[in-house]
1. Do you know which residues across region 121-149 are in a loop (DSSP other than H, G, I, E, B), surrounded by 14 or more Cβ atoms within 10 Å (Cβ to Cβ) and not aliphatic (A, V, I, L, M)?
2. Within the bounds of region 182-205, is there any residue that is touching a strand residue (DSSP E or B) at 6+ places or on another chain (Cβ under 9 Å), surrounded by fewer than 16 Cβ atoms within 10 Å (Cβ to Cβ), farther than 19 Å from N244 by Cβ and without any contact (Cβ under 8 Å) to a residue 12 or more places away in the chain?
3. Return the only residue of E80, E91, E62 being surrounded by 19 or more Cβ atoms within 10 Å (Cβ to Cβ) and either free of Cβ contacts under 8 Å to residues at least 60 places away in the same chain or closer than 23 Å to I214 by Cα (or both).
4. Output the number of residues of region 244-267 satisfying the condition of being more than 16 Å from the chain's Cα centre (by Cα) and surrounded by 15 or more Cβ atoms within 10 Å (Cβ to Cβ).
5. Go through region 27-59 and give me each residue that's within 12 Å of K240 (Cβ to Cβ) and surrounded by 17 or more Cβ atoms within 10 Å (Cβ to Cβ).
6. Restricting attention to strands (runs of 3 or more DSSP E) lying wholly within region 168-256, give those where 2 or more residues are among the β-branched types (V, I, T).
7. For T165, which of the numbered conditions (1) closer than 20 Å to C75 by Cα; (2) part of a loop (DSSP other than H, G, I, E, B); (3) hydroxyl-bearing (S, T, Y) fails to hold?
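None of the figures in this text is laboratory data; all of them are computed from the coordinates on show. Note that the structure is predicted; figures quoted are calculated from it, not measured. With ideal geometry, Cβ positions are generated from the backbone for all residues, glycine too; neighbour counts draw on all protein chains shown.
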Amino acid sequence: MLLPLLAGAQAYVTTEADSLLAVKVLQRLERNRSLPTADLVHQAANALMGQTYVANTLNEGEGEQLRIFLTRTDCIIFVETCFALARTAKEGGDFRRFAACVLEGRYRDGVVTRFEDRIHYTTENFRRACRRGTLKDMSRELGGEIFDHPINFMSTHPGSYPLMTDVEAIRKIEEELNSEPSWYIPQDKLEECQNGIRSGDLICFTSTVPGLDIAHVAIASVSNDGTVGFIHASNGEAMKVIYNPTTLLEYVRNRKNVDGVMVFRPL
């Protein structure tokens, strides 16, 4: 059952199962709130292990609404949810504060009126978080280079987005994104650069598709022996949140639609 509620002045939609799970995870994280935010992101990811992968949940129902789901997730919703849970736990906040964190990350300036208000490009989402001081772009610092890959997929493929009605608004966003440089760690440099990645870092797998910035997102999970793996909402055979069976390096090397990673550290 969908429950329409309020996050401050902003309505949101969730279910009892999703809200109960969020509260349960928040209570678990709050016991360790003195830890760095990235550690709490990693703990949140582990707490959501096994949740089902479901695409397009944000496009369900009537009109544009702030939809909050943990029990049905895709790759970006999973990552933004873990990040919002960690931030909320650091503050000692409740579910309403968690919803406000999701709103901040998902919608431009907190406006939820139409499809175009939603932040669709991960590049924009994470850049805004960097400006707010809640994320740090580690890609250049870890040895990355300029990601020369202009963004224009949505405006050049409007048929792929049936809810989009204002292509020009999206095109302006793309122009703004292209006006600033992006940094990434290309596949051929990842082996030497990955030692700087920490558990809880947000990993963006850069896309080889023309016009598309990011192919997939995940949360880094580094084992005691230094092996860099990741947790993600997998749309492969598993169709759920899993610890990926291959390492980060192996995943990048084996994917034709991926040519490197961006790394962002929660603060």
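1. Result: Y121, T134, S139, R140, G143, G144, F147, H149.
2. Taking every residue of region 182-205 in turn, at least one turns out to be touching a strand residue (DSSP E or B) at 6+ places or on another chain (Cβ under 9 Å), surrounded by fewer than 16 Cβ atoms within 10 Å (Cβ to Cβ), farther than 19 Å from N244 by Cβ and without any contact (Cβ under 8 Å) to a residue 12 or more places away in the chain.
3. On inspection, the qualifying residue turns out to be E80.
4. Step one: of region 244-267, the residues more than 16 Å from the chain's Cα centre (by Cα) are 244-260.
Next, only the ones that are surrounded by 15 or more Cβ atoms within 10 Å (Cβ to Cβ) stay: 244, 247-249, 251-252, 255, 258-260.
Total meeting the criteria: 10.
5. L48, Q51, Y53, V54
6. Once the strands (runs of 3 or more DSSP E) in region 168-256 are filtered for at least 2 residues that are among the β-branched types (V, I, T), what remains is 202-207, 214-222, 228-233, 241-243.
7. Status for T165: all satisfied but (1).
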